[in-house]
Amino acid sequence: MNRQEMRFTGSGGQGIILASVILAEAALIAGHTAVQSQTYGPEARGGVCKAEVIICEGDIGFTKVVKPTFLLALTQSSLDRYSKGVDKDCIIIADSSLVAPKGYNIVSKPIIQTAKEKIGKAFVSNIVALGAINAHLKLVPPDVLKEAVLKYVPKGTDEINTKALEAGAAL
Amino acid sequence: MAAKQKEKRVLLQGNEACVEGAIAAGMRFFAGYPITPSTEVAEQAAIRLPQVGGRFIQMEDEIAAMAAIIGGSAAGVKSMTATSGPGFSLKQENLGYAAFAEVPCVLINVQRSGPSTGLPTSPSQGDIMQARWGTHGDHPVIALAPATVEECYHLTIRCFNLSEKYRMPVFLMTDEIIGHLREGIVIPDPKTLKIENRKINKKIPPFAVPKGEIAPQSAPFGQGQRYNITGLVHREDGFPTNSTTIAGELCTRLMKKIEDNVDDIIEYEERHLEDAEVIVIAYGGTTRAATKAIELARAKGKKAGLFRPITIWPFPAKRIQEIAKKAKKFVVAEHNYGQLVHEIRLATKDAVPIEFLGKVDGTIIMPNEIEELI
């Protein structure tokens, strides 16, 4: 696999960090090298939240994203802030409720709407996003991603999260 | 590399790896007070300790947490606390007590931006000098700095081993970069680990050091040896004294524990030093940017190498002097306004030009910033 430098952005409370942790875990299970890190403000909810995952083969080296190859944006402010200056070939998956800035490689997907309407719970937006990202980038086998999701989500939410993952992959 | 890839790795945060390492080293008591970015150490200790028959207590503040682990260790249980910036300041008085009373314990300091409450969620290496001089009076200090999550695991074990061997507090000076980083690590078979336990001899006075030994051999409280522990200057039986002779001997003995054993305590990593003209000196979370910078510079034909102190205190001055002889320039990078660079200047006495890169804005040093100075 070519080195993937991925950013996950949105608002604190959307499960952005958890989504990035799950993807790093899945990459590890699939036999790749992965690191995950995050930046956030002192507030637990509502501030702009950014998580990073780097996936590669062999030594990871520097652990922060220098040149993003992928960006997930679930809020307008995170899309505006983090799309600025990325390469034209950086794949951006943005929630379809957002106004996409011109000149970028943006794929709009109804992530939050799918979570709310199809699954019935907005809080699974992060897992819907994971399904969508993996279907688009083909990073790990879908069953490996499912294994990683089930390792991290709270007990009793297995079914709803599996549905969310599948709905995301179908977007 | 290929073989390493095949081993089973688990995804752990640096802070979580510290706890796993501590438990492997025999830690069975943790007292703490949560503070970003160290909180996951306490959280993980709260989950893991009951599973292995240990105890976790959340104390009313950082001062009490430090006091509690001194008590835990005096009772013979390997004990640890974790904190950051403001909490490290609060623990200083009791750290001096532990150093003077020769109570083994481990403190994980996940450094964040300061001063004061600073930027709680941002990385820093601003407590390096505080680790050395934070508590009053001359006292011995051992401090290690991990650069990977795997090292968080192994160096926490080493912190416990050193603290038991030298009977003193030992610091793991990690930082927000490594503390909050998740990466895959191999958890070794516990049987392959070297674990040190304090030597005990109830037949000699509690603070007497037998010939050829490094530290006192008092028994844990409650095991049949009655003695006093104090932060006052004390005799070999533990009771206070105003004897200037004893004061001089005791304080000197404590400093000599380190001075006479630097080769046992000091560890460092070197990369490409065989041909390096420019040597980048970095440690802890800054290392990963330095390593990348060296890779970028070497790709452009520049002869750059890395010197990374793994042991920060005692400082590897002798080795710095040796490598300074061959280098044309040092580049020192730290997430502070310049701390360890003072020790490097002191050791090299201007024998080699030093370019310093420091950051105090809470952002992370990037590889290109270091590369520009190479």
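The values are calculated or read from the model by the stated rules, or taken from the named source; none is laboratory data. Remember, predicted model here, so these are calculated numbers, not experimental data. Remember, those area values only see protein heavy atoms, side chains included, never the ligands or the DNA or RNA. Shrake-Rupley method; radii C 1.70, N 1.55, O 1.52, S 1.80 Å.
Expressed as a whole percent, how much of the Cα-Cα distance distribution for the stretch B:8-192 exceeds 29 Å? Summing the P(r) of the stretch B:8-192 above 29 Å gives 11 percent of all pairs. The listed residues B:Arg28, B:Arg226, A:Arg81, B:Arg112, once ranked by accessible area (1.4 Å probe) with the largest placed first, stand as B:Arg226, A:Arg81, B:Arg28, B:Arg112. Couplings 3J(HN,Hα) of the stretch B:282-299, computed from phi: 8, 8, x, x, 6, 4, 5, 5, 5, 4, 5, 4, 5, 4, 5, 5, 5, 5 Hz, in residue order, whole Hz [Karplus 6.51 cos²θ - 1.76 cosθ + 1.60, θ = phi - 60°; x for Gly and Pro]. Taking a ≥ b ≥ c as the square roots of the Cα gyration tensor eigenvalues, the stretch B:124-185 comes out oblate, since a/c reaches at least 1.5 and a/b does not exceed b/c.
Does chain B come out rounded, prolate or oblate by the C-alpha gyration tensor, with a ≥ b ≥ c the root eigenvalues, rounded set by a/c under 1.5 and, if not, prolate when a/b is larger than b/c and oblate if not?
Numbers: a/c = 1.80, a/b = 1.43, b/c = 1.26.
Verdict is prolate for chain B.
Scalar couplings 3J(HN,Hα) for the stretch B:242-250, obtained by applying the Karplus form with A = 6.51, B = -1.76, C = 1.60 to θ = phi - 60°, are 9, 5, 5, 4, 5, 4, x, 5, 5 Hz; x denotes Gly and Pro. With contacts taken as Cα pairs under 8 Å at a separation of at least 6 residues, the stretch B:269-373 carries a relative contact order of 32 percent.
Output the relative contact order of chain B, whole-number percent, from Cα pairs under 8 angstrom with separation of 6+ residues. Intermediate results must be reported in sequence, preceding the final value.
Numbers: 801 pairs, mean separation 59.9, N = 374.
Worked out over chain B, it gives 16 percent.
How do B:Glu322, B:Glu183, B:Glu196 rank by accessible surface area computed with a 1.4 Å probe, from largest to smallest? Walk me through the numbers on the way to the answer.
Values: B:Glu322 75, B:Glu183 20, B:Glu196 45 Å².
Reading off the accessible areas and sorting them downward yields B:Glu322, B:Glu196, B:Glu183.
How would you classify the stretch B:29-101 from its alpha-carbon gyration tensor, with a ≥ b ≥ c the square roots of the eigenvalues: rounded for a/c under 1.5, else prolate if a/b is greater than b/c, otherwise oblate?
Values: a/c = 2.39, a/b = 1.13, b/c = 2.11.
Oblate shape, in that a/c is at least 1.5 and b/c is the bigger or equal ratio.
Computed over the protein assembly as shown, the P(r) tail beyond 43 angstrom holds 23 percent of alpha carbon pairs. For chain B, the longest principal axis of the Cα atoms and the long axis of helix B:149-166 meet at an angle of about 40 degrees.
Largest first, what is the accessible-area ranking of B:Leu357, B:Leu346 with a 1.4 Å probe?
Numbers: B:Leu357 25, B:Leu346 115 Å².
Accessible-area ranking of B:Leu357, B:Leu346, largest first: B:Leu346, B:Leu357.
In square nanometres, what is the average projected area of the Cα convex hull of the stretch B:93-153?
Working: hull surface 19.5 nm².
Projected area, direction-averaged: 4.9 nm².
Accessible surface of B:His154, taken over heavy atoms with a 1.4 Å probe and every protein chain present, rounds to 80 Å².
Per residue, the accessible area of the stretch A:125-171 comes to 47 Å², computed with a 1.4 Å probe over protein heavy atoms only. Element breakdown for the stretch B:129-240 at a 1.4 angstrom probe: carbon and sulfur atoms account for 53% of the accessible area. For A:Thr69, what accessible area in Å² do you get when you roll a 1.4 Å probe over the heavy atoms of the protein chains, rounding to the nearest 10? The value for A:Thr69 is about 50 Å². DSSP bridge analysis restricted to the protein assembly as shown gives an antiparallel fraction near 40%, rounded to the nearest 5.
Expressed per residue, the C-alpha convex hull volume of chain A stands at 105 Å³. Amide hydrogen proximity for B:Gly76: with H placed 1.01 Å from N in the peptide plane, the residues at 5 or more positions away or on another chain lying under 5 Å are B:Phe221. Please give the Cα centre distance for the stretch B:320-366 versus the stretch B:117-142, rounded to the nearest Å. If you average the Cα positions of each part, the centres end up 18 Å apart.
Over the C-alpha atoms of the stretch B:269-373, the Rg to Rh ratio, Rh being the Kirkwood estimate, stands at 0.93.
Summary of the geometry: the stretch A:48-110 and the stretch B:206-262, compared by the centres of their Cα atoms, lie 59 Å apart.
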